[in-house]
1. Given points 7 Å out from each Cα along the Cα-Cβ axis, report the V63 to L105 separation in nanometres with one decimal.
2. If amide H atoms are built 1.01 Å from N in the plane of the peptide, which residues on other chains or at least 5 residues away come under 5 Å of the amide H of V58?
3. Determine, for D76, D83, the number of other Cβ atoms within 10 Å of each Cβ, and report the residues in order from fewest to most.
4. Along each of the three principal axes of the Cα atoms of the chain, give the extent in whole Å, ordering the values from largest to smallest.
5. Using only alpha carbon pairs under 8 Å that are at least six residues apart, calculate the relative contact order of the chain and give it in whole percent.
6. Convert each backbone phi in segment 105-113 into a coupling constant with the Karplus relation 6.51 cos²θ - 1.76 cosθ + 1.60 (shift: θ = phi - 60°), then list the ³J(HN,Hα) values in order as whole Hz, x for Gly and Pro.
7. Between E124 and I48, what's the calculated FRET efficiency when r is the beta-carbon distance and R0 is 22 Å? Round to 0.05.
8. If each residue of separation counts as 0.36 nm, what is the full-extension length gain between H30 and F73 once their alpha-carbon separation is subtracted?
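Nothing in this text is a laboratory measurement; each read-out follows from the coordinates by a stated rule. No experiment lies behind these values; they were computed from the predicted model shown. Cβ placement follows ideal geometry from the backbone for every residue including glycine, while neighbour counts extend to all protein chains displayed.
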Amino acid sequence: MTRDIFDTLPAPERHAVLRVMPMPADANIHGDVFGGWIMSQVDIAGSIPAARRAGGRVATVAVNAFTFKHPVFVGDLLSFYADIVRTGRTSITISVEVYAERQRLTVEVVKVTEATLTYVATDEQRRSRPLPPI
Ligand SMILES: CC(C)(COP(=O)(O)OP(=O)(O)OC[C@H]1O[C@@H](n2cnc3c(N)ncnc32)[C@H](O)[C@@H]1OP(=O)(O)O)[C@@H](O)C(=O)NCCC(=O)NCCS
């Protein structure tokens, strides 16, 4: 199996919106990190640029795509990169990429997950509202 070089190296100039290390409580019954835990972290990471663009609260309306490319292990240092890929009237679609820095004898960086999620700007009554002008 060939592995794309872009799957192993995060672009150094990019700024991670979130960095976190999974603990044993985040593992599944096999001892590797539970996919649902990673999904919740991806949702948090994606909401950061979405809320900035919305100028306030947002709600996740859809998970459009989600791929677990490689397993995540307890003790990996995870970096989440999130970018706006589309905006509509009320919605913001975000691409999230997750890289794991393995805490082993030699440092290895692996792209473990990629996802696309859509958020909607909401008001105090949780109704959708138009995005503010840039
Ligand atoms: C978010 C919410 C307020 C939107 O309600 P709404 O305004 O009636 O929904 P609409 O159908 O008009 O869609 C609003 C926007 O979301 C987009 N959207 C809706 N469903 C979508 C989907 N499955 N995929 C991508 N975008 C979607 C629409 O295209 C629209 O975008 P636009 O305004 O930029 O064109 C409502 O769906 C809601 O409260 N959902 C629950 C959110 C939540 O609680 N999330 C946390 C997980 S439980």
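1. Roughly 3.6 nm, to one decimal.
2. T122
3. Details: D76 23, D83 13.
With the fewest neighbours first, D76, D83 line up as D83, D76.
4. The Cα atoms of the chain stretch 49, 32, 24 Å along the principal axes, largest first.
5. That works out to 29 percent.
6. 4, 10, 6, 10, 10, 10, 6, 9, 8
7. Working: r = 21 Å, r/R0 = 0.93.
Once the sixth-power term is evaluated, E becomes 0.60.
8. The H30-F73 span can extend by a further 14.4 nm.
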